[in-house]
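These notes concern the structure reproduced below.
Every read-out reported here was derived from the displayed coordinates using simple, explicitly stated rules and does not represent laboratory data. If you're wondering where the values come from, they're calculated on a predicted model, not measured in any experiment. We place every Cβ from the backbone using ideal geometry, glycine too, and count neighbours over all the protein chains shown.
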Amino acid sequence: MWNFPLFPDQASSHASSIDALYFFEWAVAIFFSIVIGIAVVVLAVRYRSGSKVDRTNPPTHSQFMEAIWIAIPFVIGMVMFAWGAILFYDMYDPPGDALEVSVVGKQWMWYIQHAQGRAEINELHIPVGQAVKLTMTSQDVIHSFFVPAFRVKQDVLPGRYTSLWFQPTKPGRYHLFCAEYCGTNHSVMGGWVEVMEPAAYERWLTEGGSGPSMAEEGARLFLQHHCAGCHRDSVTVKAPRLEGVYGRPVPIQNGKDVSFVTADVAYIRDSILRPKSQVVAGYEPIMPSFEGQISETDLLKIIAYIKSLSGKEAVR
Ligand code: CUA
């Protein structure tokens, strides 16, 4: 049987527009390769050594030709640039209602947890038609989350969060790869993305009982690491309250100046691991660092809890 697919499925909302740009660039490359190839052969044959052709008055200069070979590539280049830029911005701007999923890469597996609490390894179950946003980090080296059928790939780095979003359009099972050489077993660091009907996804989420959600587990860790003592239950104000902080601008003391940063996942992560780097204006830099004490998976849970305090994510 003839089964030699040259192209992966088009299974996300980005896939066809990315392919369109790809084929356009491909066609431009083929077209000019042919034109230049033909010119090379024709001229080589015509002006080969000993051939009887007129070699008097060779043209040395043509402003008209120069203008053409500047103008046409310029226009083509700008079309590629603008088209690519539009796609790029769309691909890196997740819609606000995206389903949030946490991903931790480690040698050599993908650990994935849904906000509702269910975790999985080397598999990602998602509902069809729903935008999905991954917040990803690595526990060791650089990995890269790559789903060819969705035309998305994003490096997963230790020590920071990267994100990726896509909207699957077709139920099915699609290959997931690690696309960054990460050691001996890099080639087996892969798995499957299972795109399900929404009802099947809901059933899948609660299969095997309903454990604590990520935010609930985060709340437990918040107590366990004694965060609550200062950030929640303290009578004297030693530390900023965290209710409503997620996604809002936070005033940062910078010597005599005050600047604002948005309290996103990256800022919250830094505040836990490097609390003295960006201290909220009006507070003393007394918080100890939790560097090396909280695993990446637990950090994501604590951040999910802090997010839930702002009502961005329902605590179930
Ligand atoms: Cu992880 Cu390659």
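Of I306, I34, I76, which is the most mobile in a GNM of the chain whose springs link Cα atoms less than 10 angstrom apart?
Among I306, I34, I76, the largest mean-square fluctuation in the Gaussian network model of the chain belongs to I34.
What ranking do F4, F31, F145 get, fewest neighbouring Cβ atoms within 10 angstrom at the top? Display every interim value, and only then the final one.
Working: F4 5, F31 11, F145 23.
Least to most surrounded, the residues fall as F4, F31, F145.
Given the pairs K256/K301; K238/K307; K276/K307; K133/K256, which are separated by over 32 angstrom at their Cα positions? Could you put the intermediate results ahead of the total?
Numbers: K256/K301 35 Å; K238/K307 21 Å; K276/K307 21 Å; K133/K256 38 Å.
Where the Cα-Cα span goes over 32 Å, the pairs concerned are K256/K301; K133/K256.
If the elastic network links every pair of Cα atoms under 10 Å, which of M196, M78, M65 fluctuates the most in the Gaussian network model of the chain?
M65
Using θ = phi - 60° and the Karplus curve 6.51 cos²θ - 1.76 cosθ + 1.60, what whole-Hz ³J(HN,Hα) does each residue of the stretch 73-86 get, with Gly and Pro shown as x?
Karplus values, whole Hz, x for Gly and Pro: x, 4, 4, 4, x, 5, 4, 4, 5, 5, 4, x, 5, 4.
Using only the alpha-carbon atoms of the stretch 215-308 as identical scatterers, what base-10 log of I(q)/I(0) does the Debye formula give at q = 0.13 Å⁻¹?
-0.41
Tell me, what ³J(HN,Hα) does each residue in the stretch 294-299 have, in order and in whole Hz, if you take phi through Karplus 6.51 cos²θ - 1.76 cosθ + 1.60 with θ = phi - 60° and put x for Gly and Pro?
10, 6, 4, 5, 5, 4
Which three extents, in angstrom, do the Cα atoms of the stretch 1-132 have along their principal axes, listed largest first?
On the principal axes, the stretch 1-132 reaches 82, 41, 30 Å in Cα extent.
If you count the DSSP beta bridges with both ends in the chain, what percent of them are antiparallel, to the nearest 5?
Values: 35 of 48 bridges.
The antiparallel proportion sits near 75 percent.
For the Cα atoms of the chain, what angle does the longest principal axis make with the long axis of helix 214-224, in degrees from 0 to 90, nearest 10?
50 degrees
At a 10 Å Cβ-Cβ cut-off, how would you order T297, T184, T137, fewest neighbours first?
Working: T297 17, T184 8, T137 23.
Exposure proxy ranking, most exposed first: T184, T297, T137.
Please report the projected area of the chain's Cα convex hull averaged over all directions, in nm². Before the final figure, lay out each step's value.
Values: hull surface 108.8 nm².
Taking a quarter of the hull surface, the average projection is 27.2 nm².
Where does the chain land at 222 nm, in deg cm²/dmol rounded to the nearest 500, when only DSSP H runs of n ≥ 4 count, each adding -39500 (n - 2.57), divided by all residues?
Details: 7 runs with 107 residues, N = 316.
Counting only the DSSP helices, I get -11000 deg cm²/dmol.
Sorting T135, T206, T60 on the 10 Å Cβ count, fewest up front, what's the list? Don't skip to the end; give the middle numbers.
Values: T135 20, T206 13, T60 5.
Listed from fewest to most nearby Cβ atoms, that is T60, T206, T135.
Highest GNM mean-square fluctuation, the chain, Cα pairs closer than 10 Å: which of Y181, Y89, Y201?
Sorting by GNM fluctuation, first place goes to Y89.
So which aspartates and glutamates can K106 reach, going by Cα to Cα under 20 Å and dropping same-chain residues fewer than 8 places off?
Partners found: E120, E123, D140, D155, E180, E291, E296, D298.
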